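Below: the structure, in C-alpha cells.
Computed from the coordinates by the stated procedures, all read-outs in this text should not be read as laboratory data. These figures come from a predicted structure and were not determined experimentally. Cβ atoms come from the backbone with ideal geometry, glycine included; neighbour counts cover every protein chain shown.
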Amino acid sequence: MLVEGGSFLVKMFTLFEHSSICLVYILKCLFECVVINKPIMSTPGNSETYIICKGFLKSKFNDETRDKLLAHCGTQWPRDRFVSEST
C-alpha cells in the first residue's frame, strides 16, 4: 500500500489506447506529479515508456473518489482492484 507522499512507477508499452489514457488520468488525479518518460537508451522501435508518479495524495482517495474516477474511464476497470482507505 502506498503511504501519503509515496511514489509509484509503472512500465507501459502503449499510451495510445483508451485504457492507457484512463490510467494516466487516474494517476494524475491521485499524485502531485506524473511524468511520462521514454529512456534514452530505448530503441526508437521499442514502445516502452515509464510513468513516474510522485507525491501520492492518499487523503484524496476514498470510495467516492474511486467510483468517480472509474466512471470517467469506462467499465473495463474492475472496481475491486482499487482499494480505498476503508478496506
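Would you list which lysines come within 18 Å of K68, measuring only between C-alpha atoms, while excluding same-chain residues fewer than 8 positions from it?
K28, K58, K60
Over the residues of the stretch 8-78, compute the C-alpha Rg and express it relative to 2.2 N^0.38 Å.
Relative to the 2.2 N^0.38 Å estimate, the stretch 8-78 comes out at 1.21.
Put a dot 7 Å past each Cα toward the Cβ at F8 and K60; how far apart are the dots in nm?
Simple spin-label model gives 1.1 nm for this pair.
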